[in-house]
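S.K.: There's a structure below that I have some questions on.
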Amino acid sequence: MAKKYYSQDIPGTLAEFDSDANHGISSAEAKKRLDQYGPNALAGKKKRSMFARFMDQFKDLMIIVLLVAAVLSGVVAQEWTDAGIILVVVLLNAILGVIQEARSEAAIEALKDMSTPSAKVRRDGAVVEVPSTDIVPGDVVLLEAGDVVPADLRLLVAESLKIEEAALTGESVPVEKSNETLQGDDIALGDRINMAYSSTNVTYGRGEGVVVATGMNTEVGNIAKMLNEADETDTPLKQNLNQLGKTLTYMILAICVVVFIIGVIRNPQHEPMNALLIDMFLTAVSLAVAAIPEGLPAIVTIILALGTQTMADHKAIVRKLPAVETLGATDIIASDKTGTLTQNRMTVEKVYYDGILHDASDDIDLSNQALITMLLANDTKIQDGGELLGDPTETALVQYGFHKDLPVNDFLAEHPRVAEVPFDSDRKLMSTINKFDGQFMVAVKGAPDMLLERVKYVNINGELSEISDEQKQAILASNNDMAKQALRVLAMAYKVVDEPYADPTTDNVEQDLIFAGLVGMIDPERPEAKDAIAEAHRAGIRTIMITGDHQVTAQAIAERLGLVEKGRDDAVITGAQLDKLSDDYFTKHVGDYSVYARVSPEHKVRIVKAWQANGKIVAMTGDGVNDAPSLKQADIGVGMGITGTEVSKGAADMVLADDNFATIVEAVKQGRKVFANIQKAILYLMSCNVGEVLTVFLMTLLGWDVLKPVQLLWINLVTDTLPAIALGVEPIEKGIMNKKPRGKNSNFFSGGVASSIIYQGILEGALVLTAYGLGLHVLPRGTNPHEDALTMAFLTLGLIQLFHAVNSKYVKQSIFQKSTFANKWFNGAIILSALIMAAVELPFLTKVFAVSELHLDQWLTVLGMGVLMIVIVEIVKFFERKADQRNN
């Protein structure tokens, strides 16, 4: 909303919209304005067709490389099986991408569904009920408890009006509203007490307001605009896979060109040029087939899907697959306070009576006058099932009685209310008059300073005496102490009269009162949140709190959770203070602040962007409408499944089924495991492919027989799938949460993976060529030694990769530990793949794969190469660990 109506008086606002408080606008004028302003509804992004979404999936460089490989394999090399497998993988990847993208539009649809279906307005001087979509600027809307505010209103009347704005501002306590004109031009959203905002809930009292904004011009509409305009953030996984695709493309093209040129130049058999060109082109194609890990996208998808299932078992529901891996890279958790770090329900924490401050856990009974007053001066409705309906502050007082296992229902039934003086924001008190043991009890609760002005006596351990100035000072001191702890404090007083008042007013009811006590309440922190924050800290992850609540309340909760040290005011900043900071300054100093209070949706997005500008990966948690833009802006948005609005859940990448902050930390652990397992799969696949490329390249260079495309395809089918997937379900490595976040600039080749791929690929190629040389010169059998040698190279290349899969379980750790073979799926995958690979030696398959039947010594040589692969890699790892220890 561009104009600041909270600082404009009522006559000026009505005049601007040509409206009248008593008559509203005419029906004819309403129709005209509906045509002018449009319906009071939220607009979403223009929907893209399913076909357009599907085609977008093929813009990824990795996918383009795979499609080119499919065409080359099928059309040129006539390897249609290989081409078909690649195309199936690509289509599967595209379909999954479309499904995930379609679900991301749920946020704006949920915002639309929040509109109230109808509202009471004053038109032509009469009160009528109209669809909320037909409300226009200038309409006078009538509000009462239970209503959803249909548009943004400047309040004209506020009779004990309270509106719950947690979904918009994050403040847990309903806001007491007023129609007074506010002074100032930069009043925070949560402090605009003379405004009522669309989609918030009236919890108490009644009011009237003139509509100043509808549809996309409301505060909720501004959030919808930010959702539509929010940049889509590439996940680290997507960035890493794109980088991998580029690397593969350049490597494959360069090697294929070199092989083609060398083959043509050498031409040892002096073939005709046309035949030579075709042969070498097919060789280059077979090399491309060997070099591209066509199963990688599917394997990554499977690993992520398995990760989502594990997270679901831990109450974290992942809506977008890449979010699993992104969690593992998280540097910052920007958490909403209300409902995320706190329980989103007011709870009695301290009670002051008999001159002593008591904990809520201390014993108390229905002879205590403070408790009696809490229960009687209370408008909470108790449902048949025990559910409490009403203002959260009042329901907390009744719940306190239930927590003490007291017969609250019976007590209230025995002492029915006969009259009342409703709450008024000027005097900040409410009073009830109830039947009580043949007389009538006046029960009063409200602001301590206002109530003490009307107190004449004090009850200490059942004895009444006139209250002294020292006693008043002691009461106010306890009030201040509780306020410093961010407790919401109410005072209670009472008196007993013989007859009910004929005309109860504040002047006759709320006088000569007996002070009963004080009660301090707070929306308490979740019991598991403090430990979860500490664990995140050990993992190098910083937690910051972002809330619409007041600074004192936010800081107190943050201190209790261990987010900030006690008294560290410089670590806390408000939205108003943040507005005064330039973007450059804030980006440089964002690390100075751990608590943000009284912030708006725009502030939340700005905070996330500032951390991202510092190269940090940000997870943003939230449950309200106001959190949706920042959830979408963050690298990973975490919504609350129980208390969260549909808007926040629709905008989130992950939803917590139990609203438990500790679940986020568990999800981070799972995310780190997923990244580590994808790294293992990539290390395995890429080093094997380097081995294959080196083998074919050197065979061509040396003028030897080259492995045929059908043989390379068989190796890829057997070794690239089951072992790689099995590596993806490896259990969590010990100490994974003692490591710092890997950082935004890290990728799948970090942590020694790149060097391991190179040297292990070279080693694999060297061992395969050694097997070929031994088969050709040392262990020849039969009439065709070249066929035996090529068979030994083929089987060595296939089986050595299965031996190497065991190496790939750990990048630098030794495989000689108990946990190495704890993964039964991996053990089964290796055994099954080995049997399938060796099956080519069955008599009826030797012709299909152009191989000969090997003798025992040749088989022992093949297996010996596999054992050597493990031994040599273990020796290298040993020296790598020693080098790391020296460097650290």
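S.K.: Out of Val718, Val729, which single residue is closer than 18 Å to Leu296 by Cα, in a loop (DSSP other than H, G, I, E, B) and in contact (Cβ under 8 Å) with a residue 60 or more places away in the chain?
M.R.: From the options Val718, Val729, the qualifying one is Val729.
S.K.: A follow-up question, please. Could we say that Ile607 is crowded, with 24+ Cβ neighbours inside 10 Å, assigned to a helix (DSSP H, G or I) and touching a Leu at 6+ places or on another chain (Cβ under 7 Å) here?
M.R.: no
S.K.: Next up: Only one of Asp336, Asp331, Asp354 is among the acidic types (Asp, Glu), modelled with pLDDT of 85 or more and in contact with a helix residue (DSSP H, G or I) (Cβ under 8 Å, 6 or more places away or on another chain); which?
M.R.: Among Asp336, Asp331, Asp354, only Asp331 is among the acidic types (Asp, Glu), modelled with pLDDT of 85 or more and in contact with a helix residue (DSSP H, G or I) (Cβ under 8 Å, 6 or more places away or on another chain).
S.K.: Output the residues belonging to the range 651-684 that are assigned to a loop (DSSP other than H, G, I, E, B) and either touching a Phe, Trp or Tyr at 6+ places or on another chain (Cβ under 6 Å) or buried (at least 24 other Cβ atoms within 10 Å of the Cβ) (or both).
M.R.: Of everything in the range 651-684, those that are assigned to a loop (DSSP other than H, G, I, E, B) and either touching a Phe, Trp or Tyr at 6+ places or on another chain (Cβ under 6 Å) or buried (at least 24 other Cβ atoms within 10 Å of the Cβ) (or both) turn out to be Ala652, Asp653.
S.K.: Within the range 539-563, restricting attention to residues that are in contact with a strand residue (DSSP E or B) (Cβ under 8 Å, 6 or more places away or on another chain) and β-branched (Val, Ile, Thr), which residue is farthest from Val618 (Cα to Cα)?
M.R.: Thr553
S.K.: Taking only the range 714-729 into account, find how many residues are of a type outside the set (A, V, I, L, M, F, W, C) and surrounded by fewer than 22 Cβ atoms within 10 Å (Cβ to Cβ).
M.R.: Residues flagged as of a type outside the set (A, V, I, L, M, F, W, C) and surrounded by fewer than 22 Cβ atoms within 10 Å (Cβ to Cβ) within the range 714-729 amount to 1.
S.K.: If you don't mind, there's one more thing I want to ask. Considering only the range 546-574, how many residues are crowded, with 21+ Cβ neighbours inside 10 Å and over 12 Å from Val595 (Cβ atoms)?
M.R.: Matching residues across the range 546-574 total 1.
S.K.: How many of the residues in the range 810-834 are assigned to a loop (DSSP other than H, G, I, E, B), of a type outside the set (Phe, Trp, Tyr) and farther than 30 Å from Gly773 by Cβ?
M.R.: 7
S.K.: Name the single residue that is modelled with the lowest pLDDT among those in the range 125-151 being charged (D, E, K, R) and not in a loop (DSSP other than H, G, I, E, B).
M.R.: The residue in question is Glu144.
S.K.: All but one of (1) surrounded by fewer than 22 Cβ atoms within 10 Å (Cβ to Cβ); (2) at pLDDT 90 or above hold for Gln383; which doesn't?
M.R.: All conditions are met except number (2).
S.K.: Give the residue that is surrounded by the fewest Cβ atoms within 10 Å (Cβ to Cβ), with candidates limited to residues of the range 328-363 that are touching a Phe, Trp or Tyr at 6+ places or on another chain (Cβ under 9 Å) and not in a strand (DSSP E or B).
M.R.: By that ranking, first place goes to Ala360.
The values are calculated or read from the model by the stated rules, or taken from the named source; none is laboratory data. These numbers were taken from a predicted model, which means no experiment stands behind them. Please note: Cβ atoms are built from the backbone with ideal geometry, for glycine as well, and neighbour counts cover all protein chains shown.
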